[in-house]
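Worksheet: one structure, shown below.
The values are calculated or read from the model by the stated rules, or taken from the named source; none is laboratory data. Only a predicted model underlies this, so the values are computations on that prediction, with no experimental measurement involved. FYI the Cβ positions are ideal-geometry reconstructions off the backbone, even for glycines, and counts take in every protein chain you see.
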Amino acid sequence: MSRIFITGSTDGLGLAAARTLMKEGHDVVLHARSRERASAVAEISSTALGTVIGDLASAKETRSIAEQVNAIGRMDAVIHNAGIYLERSRGETPDGHAKTLAVNVLAPYLLTAWIARPDRLVYLSSGMHRSGSSALDDIDWKKRPWNASQAYSESKLYIATLAAAVARHWPDILCNAVDPGWVPTKMGGAGAPDDLEMGHLTQTWLATSDEGAAKVSGGYWYHRQQREAAEEIADSGFQDALVGRLAELTGIRLFEDGR
């Protein structure tokens, strides 16, 4: 059985993934933004391996999350599930970043750097990544008028690109991006048309399965099928430019070559 950490596991797809993995006998470490949010999963936290607390909008609290996870022990897999959708404004995190970028991209980037390297990494993207701009000069939305949908789309382009970069730089692990579909969670809304169960079963499968089909790296997945992603994601030049930009924004270099 595997030991898996899931960000954003008090609600929606993250909670569904946690319940599935625990039912299968895996050891799961839950994550909540606050102690109040953690109380929402009291019914499963008692049987989880642990629950870590921290707000992914803050680099300081993200560092604390990583330290809490590392104190529990090395994970076999990490599922970067947490994310926010249509923010009404750019917002301002404690570090001065746009909240959508901070939660959806900078936090998983930092956790990837700070959590002891697992055997498998799964990052949640979205089909909306195809509408994201590949221009990297204003990824923090300091110059452009705020556009919530565009910011979300770009964040999901960046996170899928990060997954591809990690797969390329760290060939000893399995790293993939997942489009869970437009599913009826609190984020997606009750009228969302996609299958909620398949929305979380792809990432649990990639995180734990010994099936040959799941033991690949660098894929972009939808409902356990590899899909064609935006061409920028497979472009090593774009990968390196993005990772370099994230290093500039966070002060943390993910790869030894600095890119």
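Results, tabulated for the structure shown:
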| read-out | value |
| --- | --- |
| Which listed residue is among the small types (Gly, Ala, Ser) and touching a Gly at 6+ places or on another chain (Cβ under 9 Å), from Ala77, Ala38, Ala59 | Ala59 |
| Matching residues in segment 134-147 - criterion: being surrounded by 14 or more Cβ atoms within 10 Å (Cβ to Cβ) and either without any contact (Cβ under 8 Å) to a residue 24 or more places away in the chain or among the aromatic types (Phe, Trp, Tyr) (or both) | Trp141, Arg144, Trp146 |
| Number of the condition not met by Gln150 [criteria: (1) out of contact with any Leu (no Cβ under 7 Å at 6 or more places or on another chain); (2) crowded, with 19+ Cβ neighbours inside 10 Å; (3) in a helix (DSSP H, G or I)] | (2) |
| So Leu111, is it under 14 Å from the mean Cα position of the chain (by Cα), over 23 Å from Leu174 (Cβ atoms) and of a type outside the set (Lys, Arg) | no |
| Segment 8-45, residues that are of a type in the set (S, T, N, Q), closer than 18 Å to Val103 by Cα and touching a helix residue (DSSP H, G or I) at 6+ places or on another chain (Cβ under 7 Å) | Ser9, Thr10 |
| Glu43 of a type outside the set (A, V, I, L, M), modelled with pLDDT of 95 or more and either under 16 Å from the mean Cα position of the chain (by Cα) or under 20 Å from Val28 (Cα atoms) (or both) | no |
| Single condition Val243 does not satisfy, out of (1) under 18 Å from the mean Cα position of the chain (by Cα); (2) in a helix (DSSP H, G or I); (3) under 26 Å from Leu136 (Cβ atoms); (4) free of Cβ contacts under 8 Å to residues at least 60 places away in the same chain | (4) |
| Filter pass, Leu201 being in a helix (DSSP H, G or I) and modelled with pLDDT of 95 or more | no |
| Number of positions in segment 166-180 that are buried (at least 24 other Cβ atoms within 10 Å of the Cβ) and either under 12 Å from Leu242 (Cβ atoms) or of a type outside the set (A, V, I, L, M, F, W, C) (or both) | 3 |
| Top-ranked residue in segment 61-100 [being of a type in the set (A, V, I, L, M, F, W, C) and more than 18 Å from the chain's Cα centre (by Cα); ranked as farthest from Pro180 (Cα to Cα)] | Ala71 |
| Answer residue from segment 1-16, given it is assigned to a helix (DSSP H, G or I) and of a type outside the set (A, V, I, L, M) and is nearest to the chain's Cα centre (by Cα) among those | Gly14 |
| Matching helices (runs of 4 or more DSSP H) fully within segment 17-125 where at least 3 residues are out of contact with any Pro (no Cβ under 6 Å at 6 or more places or on another chain), of a type in the set (A, V, I, L, M, F, W, C) and within 26 Å of Trp221 (Cα to Cα) | 107-114 |
| Tally, over segment 210-240, of residues that are in a loop (DSSP other than H, G, I, E, B) and surrounded by 18 or more Cβ atoms within 10 Å (Cβ to Cβ) | 5 |
| Given (1) free of Cβ contacts under 8 Å to residues at least 24 places away in the same chain; (2) surrounded by fewer than 18 Cβ atoms within 10 Å (Cβ to Cβ); (3) touching a strand residue (DSSP E or B) at 6+ places or on another chain (Cβ under 6 Å), index of the condition Glu36 fails | (3) |
| Near pairs, Cβ below 6 angstrom, 6+ apart or cross-chain, from segment 10-21 (free of Cβ contacts under 8 Å to residues at least 40 places away in the same chain) to any residue that is among the basic types (Lys, Arg) | Thr10/Arg37 |
